[in-house]
Amino acid sequence: MPTLETIRRLVQHNEGVAFLPRMCVEQEISQDLLREIRVKELVVERKIRLVYPGRRALSHAAKAFLEVVKRGSGEPEAAAETA
């Protein structure tokens, strides 16, 4: 489905189940429109990637933002790139 809103509505209309970020369905859970089931054995790791043009010069603001992200990522390769 293209959007979280579409997924949420389909689940509310008994058209399936879904894994959604809790923050996206807190209101529906509190109104008893949706139910939350925690799966103890399921650990989901979420990876977020930052992409930028490799062959084009970045603005000063973009460079500064990229440095902040690299320092805060904790990734060894990101630390090595800035060194």
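The values are calculated or read from the model by the stated rules, or taken from the named source; none is laboratory data. Just so it is clear, the model here is predicted, and its values are computed rather than measured. Every residue, glycine among them, receives a Cβ derived from its backbone with ideal geometry; neighbour counts consider all protein chains shown.
Tally the residues that are farther than 22 Å from GLY72 by Cβ and loosely packed, with under 10 Cβ neighbours inside 10 Å, restricting the search to segment 28-60.
13
Would you check which residues across segment 27-68 are without any contact (Cβ under 8 Å) to a residue 12 or more places away in the chain, among the aliphatic types (A, V, I, L, M) and within 30 Å of LEU10 (Cα to Cα) and list them? First the steps, then the outcome.
Residues of segment 27-68 without any contact (Cβ under 8 Å) to a residue 12 or more places away in the chain: 27, 29-32, 35, 37-43, 45-49, 51, 53-65, 68.
Of the ones still in play, those that are also among the aliphatic types (A, V, I, L, M) are 29, 37, 39, 42-43, 48, 51, 57-58, 61-62, 64, 68.
Selection gives ILE29, ILE37, VAL39, LEU42, VAL43, ILE48.
State whether the residues of segment 63-70 include one that is assigned to a loop (DSSP other than H, G, I, E, B), surrounded by 10 or more Cβ atoms within 10 Å (Cβ to Cβ) and out of contact with any strand residue (DSSP E or B) (no Cβ under 6 Å at 6 or more places or on another chain). Even if it seems obvious, please write down each step before you answer.
Within segment 63-70, the subset assigned to a loop (DSSP other than H, G, I, E, B) is none.
No; the residues of segment 63-70 include none that is assigned to a loop (DSSP other than H, G, I, E, B), surrounded by 10 or more Cβ atoms within 10 Å (Cβ to Cβ) and out of contact with any strand residue (DSSP E or B) (no Cβ under 6 Å at 6 or more places or on another chain).
Given the options GLU36, GLU45, name the one that is among the acidic types (Asp, Glu), assigned to a loop (DSSP other than H, G, I, E, B) and at pLDDT below 85.
GLU45
Out of everything in segment 15-50 that is under 12 Å from the mean Cα position of the chain (by Cα) and among the hydrophobic types (A, V, I, L, M, F, W, C), what residue ends up being nearest to PRO2 (Cα to Cα)? Steps first, answer last, please.
Initial filter on segment 15-50 (under 12 Å from the mean Cα position of the chain (by Cα)): 20-24, 44-50.
Those still in the list that are among the hydrophobic types (A, V, I, L, M, F, W, C) too: 20, 23-24, 44, 48, 50.
Working: LEU20: 13, MET23: 18, CYS24: 15, VAL44: 21, ILE48: 18, LEU50: 21 Å.
For segment 15-50, the residue satisfying everything is LEU20.
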